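Trainee: What follows is a single structure, and I will ask about it in a moment.
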Amino acid sequence: MVGGHGNTWRSHPREEERLRRLGPAGCRTAGMKNPGIIEISMTSRVEYLSLLHAACDEICRILELDEDTSMNMSLALHEAAINAMKHGNGFDESKVVTVSFEVRPDRLIVKVKDEGEGFDWAQVKDPRAPENIGRTNGRGIFLMRSFVDSVDYERVPGGGLVVSMVKNLEG
């Protein structure tokens, strides 16, 4: 259930059991013709980041991922979502950020899509370089790459960018 102030995000018990079967422990026996996908769309408001964090934590809990992995997934998602809101959509509340969580037998795929112009990810500077050490921004992509197994970018025809983050699951 998703609610207002003080409410928490909870999955339905049947959906929780289905996702558990799709997770690392159950993927050997579960049929994977239709992997579990959860999608959240929201306007570009920073206040909604806590909803994404709660959803990510719950999905990681259902998949029985350890606390460090769960924290890393949440941090990577936070960075990707704030980048989508800020750099992609320019905090324009008429533009939407869409986040999807896809559970597969061997990995969790989290995608963050914005409606902005995108950026040239090949031009992102290494925040560890001496000339960038003192900068107060520019670390989000570095952190995302540090917290998950792979990060890919795809331009959306007609505008927008999708950041795909993959966390491999142990079987």
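The values are calculated or read from the model by the stated rules, or taken from the named source; none is laboratory data. Since this is a predicted model, take the numbers as computed values, not measurements. Note that we place each Cβ from the backbone using ideal geometry, even for glycine, and neighbour counts take in every protein chain shown. Note: areas computed on protein heavy atoms with side chains; ligands, DNA, RNA excluded. Shrake-Rupley method; radii C 1.70, N 1.55, O 1.52, S 1.80 Å.
Trainee: Go through (1) more than 25 Å from VAL156 (Cβ to Cβ); (2) among the small types (Gly, Ala, Ser); (3) surrounded by fewer than 17 Cβ atoms within 10 Å (Cβ to Cβ) for GLY90 and report which single condition fails.
Mentor: All conditions pass for GLY90, except number (1).
Trainee: Still on this structure, please answer the following. Here is a list of conditions, (1) open to solvent by 10 Å² or more (accessible area, probe 1.4 Å); (2) in contact with a Phe, Trp or Tyr (Cβ under 9 Å, 6 or more places away or on another chain); (3) in contact (Cβ under 8 Å) with a residue 24 or more places away in the chain; (4) closer than 18 Å to PHE147 by Cα, and LEU65 meets all of them except one; can you say which number that is?
Mentor: Only one criterion is unmet by LEU65, namely (2).
Trainee: Can you work out which of the residues in the range 109-127 that are aliphatic (A, V, I, L, M) and at pLDDT below 95 is most open to solvent (accessible area, probe 1.4 Å)?
Mentor: By that ranking, first place goes to ALA122.
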